[in-house]
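Below: the structure, in structure tokens.
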Amino acid sequence: MTELDFPDSPTDGQVFDLWKWTDSVSVWDWNVVAAPFEVEYLVLAGGGAGGGYQAGGGGAGGYRCNVSGENSGGGASAEPVLSIANGSYTVTVGAGGAGSSGAVGGYGSPSVFATITSYGGGGGGARDNFGPGNAGGSGGGGGSNASVPGGIGLSGQGFAGGIGKTAVANAGGGGGGASQAGDAGAADPGDGGDGVASSITGSSVTRAGGGGASGGVGEPAGSGGAGGGGDGATGNGTNQTAGTANTGGGGGASGATSAGASGGSGVVVVKYPVSKTLTVGAGLTSSTATSGDFKITTFTAGTDTITFA
């Protein structure tokens, strides 16, 4: 019997498979399998649109993050470490919701990285019988003048929107943010809840603020929450502002019967070892920076497959 020499000692991260006996010769299959590696992520969905007509602000997009020492949305701590293997994964960056004239704002769209999904922010409610704020990653604020409730936020992603005012003066509730519920409408329209800060890209950036509410004639605007929330309109007006792009901010509410402002688009950020090569599908817009032993890829639009090697 002829015996083949065993290969040199394997290096860290390699797996070798001993195959079989063939014709009385021991055959060694040198099959190298890359070990799993850890990634950090921030996955933020699109924000909801503000409501139309003395309405509630849009809720921020759902916020999920596993960076050690930081927070996810809804008051949660950072999510667990994520280990993945070489191969292909889906990335989707959610768009912000669109406003409708005199009606409840539209939902934001989900964002996805591999097994992680964040859900879009809820649209802000509109006055009287047009409906409450929608539930979402963070909930939209309630419309004015009928004690219309805000929508609830998802656990681990965001907070609820504020309730609209029931008195003669009309004041919607602010949209929920990733770190704070939207303010209830009171003497004035409610402000949007604040978002969460992350340093995954190297500098601290706050994202996922809720949209500000609007009210009736003579009332001020509800302010958007820190982290890209849009401001509501003043005094039964139409000067509401959209959530900021790539922050998942909720849109500001309209004071008149025009459409509420759109929510801001989301973002997906992935931090991984510098030794890895990432191929990005043509359907995604992205940029990559290097920081020490890591690469950081930020996806700002689109949906497609990415491949680690």
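The values are calculated or read from the model by the stated rules, or taken from the named source; none is laboratory data. Keep in mind the model is a prediction, meaning the values are calculated, not measured. Here Cβ is always computed from backbone atoms with ideal geometry, including for glycine, and neighbour counts include all displayed protein chains.
Would you be able to say whether some residue in region 170-193 is over 23 Å from the mean Cα position of the chain (by Cα), outside any loop (DSSP other than H, G, I, E, B), more than 14 Å from G227 (Cβ to Cβ) and not charged (D, E, K, R)?
yes
Taking G106 as the residue in question, decide whether it is at pLDDT 95 or above, assigned to a loop (DSSP other than H, G, I, E, B), over 14 Å from the mean Cα position of the chain (by Cα) and crowded, with 24+ Cβ neighbours inside 10 Å.
Yes; evaluated as a whole, the condition is true for this residue.
State whether one or more residues within region 195-211 are charged (D, E, K, R) and either touching an Asp or Glu at 6+ places or on another chain (Cβ under 6 Å) or not assigned by TED's automatic domain parsing to the domain that holds S287 (or both).
No; the residues of region 195-211 include none that is charged (D, E, K, R) and either touching an Asp or Glu at 6+ places or on another chain (Cβ under 6 Å) or not assigned by TED's automatic domain parsing to the domain that holds S287 (or both).
Could you check, for region 46-58, whether at least one of its residues is at pLDDT 90 or above and surrounded by fewer than 19 Cβ atoms within 10 Å (Cβ to Cβ)?
Checking region 46-58: not a single residue is at pLDDT 90 or above and surrounded by fewer than 19 Cβ atoms within 10 Å (Cβ to Cβ).
Any chance you could count how many residues in region 255-292 are within 30 Å of G235 (Cβ to Cβ) and of a type in the set (S, T, Y)?
Number satisfying all stated conditions: 4.
Suppose we filter region 62-98 for residues that are without any contact (Cβ under 8 Å) to a residue 60 or more places away in the chain, in a strand (DSSP E or B) and of a type in the set (G, A, S); how many remain?
2
Filter region 251-273 for residues that are under 23 Å from A181 (Cβ atoms) and hydrophobic (A, V, I, L, M, F, W, C); which is surrounded by the fewest Cβ atoms within 10 Å (Cβ to Cβ)?
V267
Does region 44-51 include one or more residues that are in contact (Cβ under 8 Å) with a residue 24 or more places away in the chain and more than 24 Å from G143 (Cβ to Cβ)?
yes
If you check G228, G248, G176, G216, which single one turns out to be touching a residue at least 12 places away in the same chain (Cβ under 8 Å), buried (at least 23 other Cβ atoms within 10 Å of the Cβ) and either at negative phi or in contact with a Cys (Cβ under 9 Å, 6 or more places away or on another chain) (or both)?
Criteria check complete, one pass: G176.
Between D12, D8, which is more than 30 Å from T297 (Cα to Cα), in a loop (DSSP other than H, G, I, E, B) and either modelled with pLDDT of 50 or more or out of contact with any strand residue (DSSP E or B) (no Cβ under 9 Å at 6 or more places or on another chain) (or both)?
D8
Run S204 past the list (1) more than 20 Å from G125 (Cβ to Cβ); (2) within 15 Å of the chain's Cα centre (by Cα) and report the number of the one that doesn't hold.
Of (1) more than 20 Å from G125 (Cβ to Cβ); (2) within 15 Å of the chain's Cα centre (by Cα), only one is false for S204: (2).
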